[in-house]
Structure formats: C-alpha cells, structure tokens
Amino acid sequence: MSRHERMKTIVAVGLITAGTAYVLARSRAGTRAARFALPRLADRAWTLPVLPAVIDRQWEKKRARLARLEMQPGDVVMLGDSITEGADWAALLPQTRVHNHGIGGDDTLGVLRRLDLVTRAQPAKVFVMIGTNDLGKGTLTVDEIVANVEEIVTRIRIENPTTELYVQSVLPRWHTRTEDLRRINDGIESVARHNDATWIDLRQLFDRGDGTMDLDLAPDALHPNAEGYRRWVEVIAPMVETRG
C-alpha cells in the first residue's frame, strides 16, 4: 500500500469513527450503544494518527479569529479547550460581556502560546479550565501539566494584576483517567490557593459517584451536554456577574 493510500485509509477510519459517534449520540435507538461506544472513542481519540494534524490546523485558524475579537477592559474571558468552546457563554450569561476563548483540542502549552490574546485586553475576570487534552495526548506527566497551569496563572497575575482569576477543576472522564485526574486537580487546586486565585471544584456536579463522568451530563465522558452546561453555569454565574 502506498503512502497516499495509507493516508486515505487513516482519514477514512477517522471519518467513519467520528460519523459513527455522531449517529450514536443523536439516535434514540442508539442510546445504549452510545453509552458503551462514545466514552471509549473519546478516551482514545488522540491515538488516531490524523487527529493531531487536523487539530493543529484548526488551532491556528481559531487563534487568528480570537485575535480579531474586540475585547474591552472589564470583559470576562472563558479560557480553555473544546469543553469551554462548546458553550454559548453569551447566551448562558446574558448579564455580562463574556468572550469564549475555548479552542477544541487545546492543551496547557497551547494556552500559553496564545495567552497574550487574553492578557493584553486587561479583562476583569478570567475563568480557566485546561488540562484534559494534555492527559489524553499522553505527552506530559501530571507534574508537567500542573507546572504549565501554574505558569498560566503566574503570567495572568503578572500581566493583569487587577484581574480576578478563577481556576476550575478538570472535569471527570472515563474510568481509565480517574487517578491521573485526581492528581492533576490536587495540583491545580494547590496552584490556585497559593496564587490568590479562586478555586472552583466542579467535579461534584459531574461525578457519578466513583470518580468518573456521569454520562447523563456528558455522553462521551468528556464534553458536557446542555444539562451539564446548565449545572456548570449555575455555579459560576454569581462569580461572573458580581462586580468586584
């Protein structure tokens, strides 16, 4: 098989996998199958050879789009990956001028590369949730992930000393990630508390009782559905909308 044919096969497998996941997620008849398949697909998504290249191209486009956003001092920024990007924050938090700085597939290194887009605007508040893709990619240790979050927090503190900073826990995932997520969140919580940032532990909202994601709130054990976002917003809305 030629290199071109191999690439076509890889892309086809990726599209079939994504398409299957989509159909299962949307089909009532496929609910039981979706509960079995989607968490496993999401847990292994980064093993698809084509995915990193696709995500990298999309990351550059989305960063360019974010660079064109008109932000004003006093605005609120939601900073993170696809979990953040997937919410319509303007509709969920209509009383506040909120900017969605989530990029699908992003990780702690990606946030550090684009953090200037946030800090140069001198926002009133920044809500950060990042780290689950670092874990999924498997390229960094838990300690390295926590260290990168600390660098994000430190830079915001230095570049925007008056900005109110809120560090949110990484959400639960499939059972294969439970222990690593516990360690990451322990580390991130310590970072928040030692850097005068507000720690927001969202895990109890999404945990089904054993450290894993409640599939009624995130069918792929990763991305919240409408009810998941509603619960999330219920917790943070008072913090978003309160003027310091």
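The residues packed around Asp43, meaning those with a beta-carbon under 13 Å from its beta-carbon, carry a net charge of +3 if Lys and Arg are +1 and Asp and Glu are -1. Of the residues Ile188, Ile83, Ile55, the one that moves most in a GNM of the chain with alpha-carbon contacts below 10 Å is Ile55. Using the average count of surrounding beta-carbon atoms within 10 Å as a protection proxy, the listed peptides 56-67, 149-160 rank, highest first, as 149-160, 56-67.
Pairs of lysine residues in the chain that meet both criteria, 8 or more places apart or on different chains and Cα atoms under 23 Å apart, total 4. When the range 58-241 is described by a simple charge dipole with +1 on each Lys and Arg Cβ and -1 on each Asp and Glu Cβ, the residue from Ile236, Pro224, Gly102 located farthest towards its positive end is Gly102. Note on the chain: antiparallel DSSP beta bridges, both residues inside, total approximately 5 percent of the bridges counted.
If one takes the longest principal axis of the Cα atoms in the chain, at what angle in degrees, from 0 to 90 and to the nearest 10, does the Cα axis of helix 178-194 lie? It is inclined by approximately 10 degrees.
Inter-label distance, Phe36 to Arg120: 5.1 nm, where each label sits 7 Å from its Cα along the C-beta direction.
Here the simple spin-label model places points 7 Å from the Cα toward Cβ, and for Glu234 and Arg97 these points are separated by 3.1 nm. The simple Förster model, with R0 at 45 Å and r as the Cβ-Cβ distance, assigns Glu241 and Asp56 a FRET efficiency of 0.80.
Think of it as helices only: each DSSP H run of n ≥ 4 in the chain is worth -39500 (n - 2.57), and spread over all residues that comes to -16500 deg cm²/dmol at 222 nm.
For the chain, what is the Kirkwood hydrodynamic radius in Å, using each pair of distinct C-alpha atoms?
One over the average 1/r among Cα pairs gives 18.7 Å for the chain.
The mean of 1/r over all pairs of different alpha-carbon atoms in the range 92-202, once inverted, gives a Kirkwood hydrodynamic radius of 14.4 Å. Each of His194, Thr139, Trp174 was scored by the projection of its Cα onto the charge dipole of the range 58-241, and the greatest displacement toward the positive side belongs to Thr139; charges sit on the C-beta of Lys, Arg, Asp and Glu. Take the Cβ atoms of Glu70 and Leu48, set R0 to 51 Å, and the FRET efficiency comes out at 0.90. About its Cα centre, the dipole of the chain is roughly 940 debye, where the only charges are +1 on Lys and Arg Cβ and -1 on Asp and Glu Cβ. Taking the 0 to 90 degree range and rounding to the nearest ten, how far is the long axis of helix 142-159 tilted relative to the main principal axis of the chain, both from C-alpha atoms? It is inclined by approximately 40 degrees.
Laboratory data are not the source of any read-out in this text; all were calculated from the coordinates shown. This is a predicted model, so every value here is computed, not measured. Cβ atoms come from the backbone with ideal geometry, glycine included; neighbour counts cover every protein chain shown.
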